[in-house]
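Chemist: Would you mind keeping the following structure in view while I ask a few things?
The values are calculated or read from the model by the stated rules, or taken from the named source; none is laboratory data. What you are looking at is a predicted structure, and each value in this text was computed from that prediction instead of being measured. Neighbour counts are summed over all protein chains in view; Cβ atoms, including those assigned to glycine, are modelled from backbone coordinates with ideal geometry.
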Amino acid sequence: MVLVLHATTTNKNAFKALITAEYSGVKVELTKDFQMGVSNKTPEFLKMNPIGKVPVLETPDGPIFESNAIARYVARLKPDNPLYGSSLIDFGHIEQWIDFSATEIDASIGAWLLPRLGFRLYLPPAEEAAITSLKRALEALNTHLASNTYLVGDGVTLADIIMTCNLSFGFKYILTKSFTSAFPHVERYFWTLVNQPNFKKVMGDFKQAEAIPPVASKKPAQPKEAAKPKPKPEPKKEVKKEVEKPKEVAAEEEEAPKPKPKNPLDLLPPSKMILDDWKRLYSNTKTNFREVAVKGFWDMYDPEGYSLWFCDYKYQDENMVSFVTLNKVGGFLQRMDLARKYAFGKMLIIGSEAPYKVKGLWLFRGTEIPQFVMDECYDMELYEWTKVDINDEAQKERASQMIEDAEPFEGEALLDAKCFK
Ligand SMILES: N[C@@H](CCC(=O)N[C@@H](CS)C(=O)NCC(=O)O)C(=O)O
């Protein structure tokens, strides 16, 4: 009897059943020419799995969906399968690690990776939470594996198959060596398992992710915006990425480009402060920064043509991982690209241990934060913004320190300082 598994050839959830089948001497074959998004949307497929997800296993007694249930079924086809251990307590532990793998490992990897790939809403605080729970789970797994070669007993069990398949999704797309090296026993375990012949036959050669994937350009929902009567159209660049327009429609649009409306900031009365002069002074000052650049800034500053703002990240407690915090600030500065002609910013990442604090100083053209920046850069919502009162010496001094990257800043070391210019 050959059981038919509906999935693509690279699906880690399908690998669970295929590897289990290899260990159990059961024949499971993938359907030919499975097309994700097409084959799993047909009425026949939806009869097998009403949610339309893969994998699905066709058995002589009817279909089964949910990859762990499928793998359990395949394992049980072999009587007294060692994949299920040799005692009731082994069985209990195998089920324990299968559930742990699904709820603590797989769920956290998905919560970190899928928003970055654009499959879910990307929110920096949610990403931090996902990484924190993944690290907690991996630490527990690492401790267990420090004194155990496999999850249960002395040989491969179903728990190892499911755990390794779930880990493989992370190792392949987001868990770089610099991340996994904190969990050496997990690394040893993972590489041992993916190199077992029964795993290799299904998964092929395995290569670890070399970089964390960048965030796909999708804006998260903005509650304030949603409340407004007229939704603002998405910037054209982003729409193009997400929606594939038929070629002829795209061509039509490109034939008659509409004139770009002038930015309202270009219509403001001229200012005595020339932003580029300030940026040049900032970049070219190598010594005596306080006396030259900072003094020069205050000499140039025009409170009628520009405004200065302090920003303070609203979710400081969630800045638990240094490189994630740095990436978050880096992403913010990239997304501010649209304001390069009208802004200068300093962002400090403060503290020598977690939670790190992110605070900044921004100079904007005009006496308010420009509306297009508020509308188009979603990071703005993640910060509290306070206008700098330049008549208050303490605030002025704080702004000077931020321009200068003065250390210690508010009594703490700087992890990094980034400049937008
Ligand atoms: N808990 C399910 C997850 C299945 C799942 O999310 N499958 C994805 C592919 S890995 C899918 O079919 N996505 C298509 C969709 O969401 O429509 C399992 O383990 O089988």
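Chemist: Which of the numbered conditions does Tyr122 fail, given that it passes all the others? Conditions: (1) within 11 Å of the ligand (Cβ to nearest atom); (2) in contact with a Pro (Cβ under 8 Å, 6 or more places away or on another chain).
Modeler: (1)
Chemist: Let me ask something else. Would you mind telling me which numbered condition in (1) more than 15 Å from the ligand (Cβ to nearest atom); (2) more than 30 Å from Ile212 (Cβ to Cβ) Thr42 fails?
Modeler: (1)
Chemist: Moving on. Could you please find all residues in region 65-79 being within 10 Å of the ligand (Cβ to nearest atom) and not in a loop (DSSP other than H, G, I, E, B)?
Modeler: Residues satisfying the conditions are Phe65, Ser67, Asn68, Ala69, Ile70, Ala71.
Chemist: Please pick out the residue among Ile161, Ile105, Ile109 that is within 16 Å of the ligand (Cβ to nearest atom), over 30 Å from Tyr378 (Cβ atoms) and in contact (Cβ under 8 Å) with a residue 40 or more places away in the chain.
Modeler: Only one candidate qualifies: Ile161.
Chemist: Answer with yes or no whether Glu139 is assigned to a helix (DSSP H, G or I) and either touching a Gly at 6+ places or on another chain (Cβ under 6 Å) or surrounded by 15 or more Cβ atoms within 10 Å (Cβ to Cβ) (or both).
Modeler: Spelling it out, it is not the case that Glu139 is assigned to a helix (DSSP H, G or I) and either touching a Gly at 6+ places or on another chain (Cβ under 6 Å) or surrounded by 15 or more Cβ atoms within 10 Å (Cβ to Cβ) (or both).
Chemist: Could you please tell me which pairs satisfy a Cβ distance under 8 Å, a separation of 6+ or placement on different chains, a first residue in region 65-86 that is under 13 Å from Ile19 (Cβ atoms), and a second residue that is aliphatic (A, V, I, L, M) and in a loop (DSSP other than H, G, I, E, B)?
Modeler: Val74/Val26; Leu83/Val156
Chemist: Shifting gears a bit: Of the conditions (1) out of contact with any helix residue (DSSP H, G or I) (no Cβ under 8 Å at 6 or more places or on another chain); (2) within 15 Å of the ligand (Cβ to nearest atom); (3) part of a loop (DSSP other than H, G, I, E, B); (4) of a type outside the set (Phe, Trp, Tyr), Asp99 satisfies every one except a single condition; which number is it?
Modeler: (3)
Chemist: Of the residues in region 397-415, how many are of a type in the set (D, E, K, R), surrounded by fewer than 16 Cβ atoms within 10 Å (Cβ to Cβ) and either within 26 Å of the chain's Cα centre (by Cα) or at negative phi (or both)?
Modeler: Step one: list which residues in region 397-415 are of a type in the set (D, E, K, R), which gives 397-398, 404-405, 407, 410, 412.
So of that shortlist, the ones also surrounded by fewer than 16 Cβ atoms within 10 Å (Cβ to Cβ) come out as 397, 405, 407, 410, 412.
Cutting the leftovers down to either within 26 Å of the chain's Cα centre (by Cα) or at negative phi (or both) gives us 397, 407, 412.
Adding up the residues that qualify gives 3.
Chemist: So, one more: Quickly run through region 2-38 and pick out the residues that are more than 18 Å from Glu66 (Cβ to Cβ), hydroxyl-bearing (Ser, Thr, Tyr) and more than 10 Å from the ligand (Cβ to nearest atom).
Modeler: Selection gives Thr9, Tyr23, Ser24.
Chemist: Related question: Looking only at residues that are of a type in the set (Lys, Arg) and assigned to a helix (DSSP H, G or I) in region 371-421, which one is nearest to Asp266 (Cα to Cα)?
Modeler: It comes out as Lys396.
Chemist: Gly52 is checked against (1) within 16 Å of the ligand (Cβ to nearest atom); (2) closer than 27 Å to Ile131 by Cα and fails just one. What number does that condition carry?
Modeler: (2) is the only condition that Gly52 fails.
Chemist: Here is a follow-up. Tell me, which residue of region 311-331 that is among the charged types (D, E, K, R) and touching a helix residue (DSSP H, G or I) at 6+ places or on another chain (Cβ under 8 Å) is surrounded by the most Cβ atoms within 10 Å (Cβ to Cβ)?
Modeler: Checking each candidate, the answer is Lys328.
Chemist: What's the number of the condition Leu333 fails, among (1) modelled with pLDDT under 95; (2) touching a Lys or Arg at 6+ places or on another chain (Cβ under 7 Å); (3) assigned to a loop (DSSP other than H, G, I, E, B)?
Modeler: If we test Leu333 against (1) modelled with pLDDT under 95; (2) touching a Lys or Arg at 6+ places or on another chain (Cβ under 7 Å); (3) assigned to a loop (DSSP other than H, G, I, E, B), just (3) comes out false.
Chemist: Kindly indicate whether any position in region 73-93 is of a type outside the set (Asp, Glu), in contact with a strand residue (DSSP E or B) (Cβ under 6 Å, 6 or more places away or on another chain) and crowded, with 16+ Cβ neighbours inside 10 Å.
Modeler: Looking through region 73-93, at least one residue is of a type outside the set (Asp, Glu), in contact with a strand residue (DSSP E or B) (Cβ under 6 Å, 6 or more places away or on another chain) and crowded, with 16+ Cβ neighbours inside 10 Å.
Chemist: Something else about it: Of the residues Tyr189, Tyr150, only one is crowded, with 17+ Cβ neighbours inside 10 Å, in contact with a Ser or Thr (Cβ under 8 Å, 6 or more places away or on another chain) and in contact (Cβ under 8 Å) with a residue 40 or more places away in the chain; which?
Modeler: After ruling out the rest, the residue left standing is Tyr189.
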